[in-house]
Every structure is written in C-alpha cells, then in structure tokens.
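Asker: For reference, the structure I am asking about is given below.
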Amino acid sequence: MPPNFHVKISDRLLEQMTLATAEAYVLGDGNHDIGLETLGYIWGHRIIRDEGNEIFFHLDRASISISAIRNQDWVQPNQTALHLKNAIVTRWAPEVTLLGDFHSHPYSDFATVQAIQGWQFSDSDIQYFLENNDTWELAENNPIMVAMTICKMGAVHGNVFGDMQQSNVFRFDIGEFRFWINVIAGWLDNKGARQHTPNIHSSVFLDMIKFFNEAGDRLEFGQ
C-alpha cells in the first residue's frame, strides 16, 4: 500500500507557479510563439508519521529555471541549475529542503484540455519523474512533481473559490484563464524500487487555498 501524502501549497508558491505559467503561456520567451511550457524547483517541509504511512508536505517556495529549454509540448531541465539553486537555498534557508519540481501544460482552449484530460501527467512526465536521480536523492526518496495546466476560456464565468476535481487535482480561474494543479508523489517500496502515485485514485490529498473569480473580469495586460 502506498503512503497517504498530504500536500499543502503555500500562497507564495501558488502565486509563483501561476505567474510563471501565465507568462510562458501568453508571452513565451521572446524567441518562440506563445504557449510554452516552463519549469521550476520546489522547496518546503516534509513530516513523516505513522511509520511512514502518513507523509505531510508543505510546499513553500519555487524558483523558475531560466536555463531550461522550453517548447510548446515539452521542457528540458538543466540539471546543473537544480544543484546550483539548491546549494544557494540550503544556505539561504536551511530550514527547508528540496521537495521536487513543477512544470506547466499549456493548451489553446478548454475543449482541447477537456478532450485529452490535459491536467493529467503524461507517460513521459512520469518516466522523467522516476528516472530523475538527482531529484530523488535531494528529496530523500520522497519527491513530488506538480503540473500546472493552463488554457484560455472563451467566456469568464463566476467561480467561487475554485474546486477540487480529484483528491490530487485542483482547478481555479483567474480572469479568462483556467488553471489546474495536479500532484504526484514518489516513495520506495519494500524492495527499494521507486513508485509513484497515479493520475486517478491517488493517495495524494491536496489542501488548497481558495478564492473568488468574478464573472466577466478579464485581465488587462496591453494586448
């Protein structure tokens, strides 16, 4: 049986991931069209209880990797950036530890997201997660991975505080943009093999802040 993973995302981290995801989606990086993926690393706190059956994460802060190679359908991390940033953070804030990373899933519209369940992790996402030795080592064999999906909505509807789609998936709106957050977690089984929580029927339980998106309230950013 997998552990239960209780994941709380701080206001600061939610803001950092949302800003990075939205900028990469709307503006790209200056050399590509809009709709790029982006990637960052996450630090925070982990508490293990009940002989490892209950694991509590507080995801506190993130740093966007500007050396990652970004495209519309994938993002390639620079592993040196992970070690560089972690070396600085562990000196700046020794009370936190590296917990994992996040990346974005950009889609043109809601229909596309809905048709392919674009908020879910892809097979390549999960393969990267399981094979990322550096993250597993630095996260003490309990890494997490967060995906933030974004699309542009045709109409802006009132959305009270966002809503949980699954225990591990939270959806919210800001202006004309819709976002989903999905989290998977990893652990070692009794044989020392790496395991991960699935996209559905997950033992990850998100504890999200909630807010109100007003109907008709579009963002204004000069376009």
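Asker: Filter segment 5-20 down to residues that are open to solvent by less than 50 Å² (accessible area, probe 1.4 Å) and farther than 14 Å from Ala68 by Cα and give me whichever is farthest from the chain's Cα centre (by Cα). Show your work before the answer.
Answerer: First pass over segment 5-20, keeping only residues open to solvent by less than 50 Å² (accessible area, probe 1.4 Å): 5, 7, 9-10, 13-14, 17-18, 20.
The next check asks that each one be farther than 14 Å from Ala68 by Cα; those that pass are 5, 7, 9-10, 13-14, 17-18.
Details: Phe5: 15, Val7: 12, Ile9: 10, Ser10: 12, Leu13: 10, Leu14: 9, Met17: 7, Thr18: 10 Å.
Applying the filter and picking the extreme gives Phe5.
Asker: For the condition open to solvent by 10 Å² or more (accessible area, probe 1.4 Å), under 19 Å from Ser10 (Cβ atoms) and of a type in the set (Phe, Trp, Tyr), what is the one hit in Trp119, Trp180, Trp92? So that I can check it myself, show each step before the final result.
Answerer: On the way: Trp119 fails: under 19 Å from Ser10 (Cβ atoms); Trp180 fails: open to solvent by 10 Å² or more (accessible area, probe 1.4 Å).
Among Trp119, Trp180, Trp92, only Trp92 is open to solvent by 10 Å² or more (accessible area, probe 1.4 Å), under 19 Å from Ser10 (Cβ atoms) and of a type in the set (Phe, Trp, Tyr).
Asker: A further question follows. Would you tally the residues in segment 1-48 being free of Cβ contacts under 8 Å to residues at least 40 places away in the same chain and of a type in the set (Ser, Thr, Tyr)?
Answerer: Of the residues in segment 1-48, 0 are free of Cβ contacts under 8 Å to residues at least 40 places away in the same chain and of a type in the set (Ser, Thr, Tyr).
Asker: Quick test for you: out of Gln127, Gln166, pick the one residue that is out of contact with any strand residue (DSSP E or B) (no Cβ under 6 Å at 6 or more places or on another chain), under 24 Å from Leu19 (Cα atoms) and of a type outside the set (Asp, Glu).
Answerer: Of the residues listed, the single one that is out of contact with any strand residue (DSSP E or B) (no Cβ under 6 Å at 6 or more places or on another chain), under 24 Å from Leu19 (Cα atoms) and of a type outside the set (Asp, Glu) is Gln166.
Asker: Here is a list of conditions, (1) at pLDDT 95 or above; (2) among the aliphatic types (A, V, I, L, M); (3) in contact with a strand residue (DSSP E or B) (Cβ under 9 Å, 6 or more places away or on another chain), and Ala68 meets all of them except one; can you say which number that is?
Answerer: (1)
Asker: Could you list, ordered by first residue, the pairs with Cβ atoms under 8 Å in which the first is in segment 105-126 and touching a residue at least 12 places away in the same chain (Cβ under 8 Å) and the second is of a type in the set (Ser, Thr, Tyr) and surrounded by fewer than 18 Cβ atoms within 10 Å (Cβ to Cβ), at least 6 apart or interchain?
Answerer: Matching pairs, first to second residue: Gly118/Thr112.
Asker: Considering only segment 1-36, state which residues are assigned to a loop (DSSP other than H, G, I, E, B) and either at pLDDT 95 or above or more than 25 Å from Trp74 (Cβ to Cβ) (or both).
Answerer: Within segment 1-36, Met1, Pro2, Pro3, Ser10 meet the criteria.
Asker: Next question. Step by step: first the residues of segment 101-116, then only those that are out of contact with any Leu (no Cβ under 9 Å at 6 or more places or on another chain) and either among the polar types (S, T, N, Q) or under 30 Å from Glu140 (Cα atoms) (or both), then the one that is surrounded by the most Cβ atoms within 10 Å (Cβ to Cβ). Which residue is that?
Answerer: His105
Asker: Of everything in segment 68-100, what is β-branched (Val, Ile, Thr) and assigned to a helix (DSSP H, G or I)? Give them in sequence order.
Answerer: Within segment 68-100, Thr80, Ile88, Val89, Thr90 meet the criteria.
Asker: How many residues, within segment 133-159, are closer than 20 Å to Val183 by Cβ, open to solvent by 10 Å² or more (accessible area, probe 1.4 Å) and in a loop (DSSP other than H, G, I, E, B)?
Answerer: Result for segment 133-159: 3.
Asker: Pick from Leu98, Leu130: which is over 27 Å from Leu27 (Cβ atoms) and either basic (Lys, Arg) or open to solvent by 10 Å² or more (accessible area, probe 1.4 Å) (or both)?
Answerer: Leu130
Asker: Counting only residues that are acidic (Asp, Glu) and within 24 Å of Gln127 (Cβ to Cβ), which one in segment 26-81 is least open to solvent (accessible area, probe 1.4 Å)?
Answerer: Glu37
The values are calculated or read from the model by the stated rules, or taken from the named source; none is laboratory data. Please read these numbers as outputs of a predicted model, since none were measured by experiment. As a convention, Cβ positions derive from the backbone with ideal geometry for all residues, glycine included, and neighbour counts pool all protein chains shown. Ligands, DNA and RNA are stripped out before the accessible areas are found, and what is left, the full protein with its side chains, is counted by its heavy atoms. Shrake-Rupley method; radii C 1.70, N 1.55, O 1.52, S 1.80 Å.
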